[in-house]
Amino acid sequence: MKPSTLPLRLSVAIAAGLWPSLGQAVDLSGLPSLRLNGFGTVALSHVDGPEGWGLRRDLGYRENQGGSQLRTDSRIGVQANYEITPQWQATAQVLARDRLPQVKPSDSVEWAFLAYQPNDAVTLRAGRMALDVFMMSDQRNVGFAYPWVRPNLEFYGGLPLYGFDGMDAAYEWSRGDARWRVKAAYGDTHTWTPIQPGAPAVEAHLHNGISAVLSREEDGLTVRAAVSVSNIEVNSPASLTQVVQALQSVESVGSPEVAQQANALLTPMAKLSGRVHFAELGVVYDRGPWLIQAEAARIFSDLYSLNAKAAYLAVGRRMADYTVYGILGWVRPDNKAAERPDWSALGGAAMALGAEASNGLNAGRTRERSVSMGVRWDFHPQAALKVQWDWYDVDDNGAALWSGRDVRGGHPQVGTVALDFVF
């Protein structure tokens, strides 16, 4: 079975096989402490944009050639919770979805942790858990849990980080009518991401990550803030190493002006390790017919392509079994686009090198805005049908989130029909 069709085929099989019993619990009478549940999505999306551009939910998905795609948003997951004692619980979650070909099968295990809750206020966990620095960390793959088809592309698309291996501790308390929660975590994670169109993905390791989250909830309003810092190391592909070595040669033999231009290209390409600082603010208002959700984030890093700021605002209104919504998204890099040097005096090979280096750096930049509109129909207590339209305004040298792109900008549009379900 081809990897790209696995999530879709599993989703269809689950939907067809379990649909008559969606409202019934799984019979686990022989195992009273074990609870099994699952979630899935079957979705068809169509991209109308520059030739060859394809939509990905985030950079952790494989590239595609655009047009109509079933694999972009289709996925299936199963979760098991086992209560060992009233204080101890084990949780595991497995997810089948579209992934880059370099991803290991073990990465399909999204969660696998042991939790200890000595009292109602304290929770300690160890193992593989959701990386809780985003508003939607726990339900990012569970389409049934939110009104729209997918998390906002500008905010979540450049962050293909879902979980980490480590430990965390949370403490909750009440003050008046407000419920407060603070969480601290430590651990490691990794992800695969393409650094150039058509090139094999490279692995990025984040070590010794430390994060903290503070949230307050009262009367339908949740406000939260998260910060994290970690060490990052990106494996260098052979193609990048060759470009770096060639730039070093130009830097050493060229004039002072050429050396300066070569260094401007060389420095960000050669820097593949350092620190990453992340800060996020999030707000959710969910009361009565209205749902308002917004997040803003800032990333500071020693790596050229990671420095950026992003935000989105989503507003929805429920009307009986329907929810209509709109989303605005925005992302902008800190670094200016790399300029292509004029090395014609050094010959054609030098000109080609300058073009390759500058285009490579600019292909990793993200600078775009989006408008999304859609409707969700909850036709069953455990299933919902969604229709969504997205319009994107992508700047030149800012199309890193799109597969098949180059340094051109564009205005792609995406239409999606999705069936989300839980069981």
So, in the range 378-414, exactly how many residues are open to solvent by less than 30 Å² (accessible area, probe 1.4 Å) and part of a strand (DSSP E or B)? 12
Filter the range 364-377 for residues that are assigned to a strand (DSSP E or B) and crowded, with 18+ Cβ neighbours inside 10 Å; the one that is nearest to the chain's Cα centre (by Cα) is Thr366
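Could you grab me the full set of residues in the range 321-338 that are part of a loop (DSSP other than H, G, I, E, B) and either surrounded by 18 or more Cβ atoms within 10 Å (Cβ to Cβ) or of a type in the set (Phe, Trp, Tyr) (or both)?
Ala338
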Count - residues of the range 83-113 that are buried (at least 16 other Cβ atoms within 10 Å of the Cβ) and assigned to a strand (DSSP E or B): 12
Inspect the range 69-82 for any residue being of a type in the set (S, T, N, Q) and open to solvent by 50 Å² or more (accessible area, probe 1.4 Å) and give the result as yes or no. no
Quick check on Arg71: is it in contact with a Leu (Cβ under 7 Å, 6 or more places away or on another chain) and among the charged types (D, E, K, R)? yes
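Restricting to the range 33-52, and then to whatever is closer than 15 Å to Gly410 by Cα and touching a strand residue (DSSP E or B) at 6+ places or on another chain (Cβ under 6 Å), can you tell me which residue is surrounded by the most Cβ atoms within 10 Å (Cβ to Cβ)? Reasoning before the result, please.
Step one: of the range 33-52, the residues closer than 15 Å to Gly410 by Cα are 47-52.
Adding the requirement that they be touching a strand residue (DSSP E or B) at 6+ places or on another chain (Cβ under 6 Å) leaves 47-50.
Values: Val47: 26, Asp48: 13, Gly49: 20, Pro50: 18.
Per the stated criteria, the residue is Val47.
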Testing Ala349 on (1) without any contact (Cβ under 8 Å) to a residue 24 or more places away in the chain; (2) small (Gly, Ala, Ser); (3) more than 20 Å from Asn263 (Cα to Cα), one condition comes back false. Which one is that? (3)
If I filter the range 225-263 down to residues being under 21 Å from Leu346 (Cβ atoms) and not in a helix (DSSP H, G or I), which single residue comes out as most open to solvent (accessible area, probe 1.4 Å)? Ser255
Which one of the conditions (1) open to solvent by less than 20 Å² (accessible area, probe 1.4 Å); (2) part of a strand (DSSP E or B) does Arg318 fail to meet, given that it meets all the rest? (1)
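Rundown of residues vs (1) assigned to a strand (DSSP E or B); (2) open to solvent by 20 Å² or more (accessible area, probe 1.4 Å); (3) among the β-branched types (Val, Ile, Thr), yes/no style:
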{"site": "Leu265", "(1), (2), (3)": "no, no, no"}
{"site": "Val283", "(1), (2), (3)": "yes, yes, yes"}
{"site": "Asp286", "(1), (2), (3)": "yes, yes, no"}
{"site": "Ala294", "(1), (2), (3)": "yes, yes, no"}
{"site": "Ala314", "(1), (2), (3)": "yes, no, no"}
Restricting to the range 155-213, give me the number of residues that are in a strand (DSSP E or B), small (Gly, Ala, Ser), surrounded by fewer than 20 Cβ atoms within 10 Å (Cβ to Cβ) and out of contact with any Leu (no Cβ under 7 Å at 6 or more places or on another chain). 5
Report, by residue number, each residue of the range 69-99 that is more than 26 Å from Arg125 (Cα to Cα), of a type in the set (S, T, N, Q) and modelled with pLDDT of 95 or more. Ser74
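The values are calculated or read from the model by the stated rules, or taken from the named source; none is laboratory data. If you're wondering where the values come from, they're calculated on a predicted model, not measured in any experiment. Positions of Cβ are backbone-derived with ideal geometry, glycine not excepted, and every protein chain shown enters the neighbour counts. Heavy atoms of the whole protein, side chains included, go into the accessibility calculation; ligands, DNA and RNA do not. Shrake-Rupley method; radii C 1.70, N 1.55, O 1.52, S 1.80 Å.
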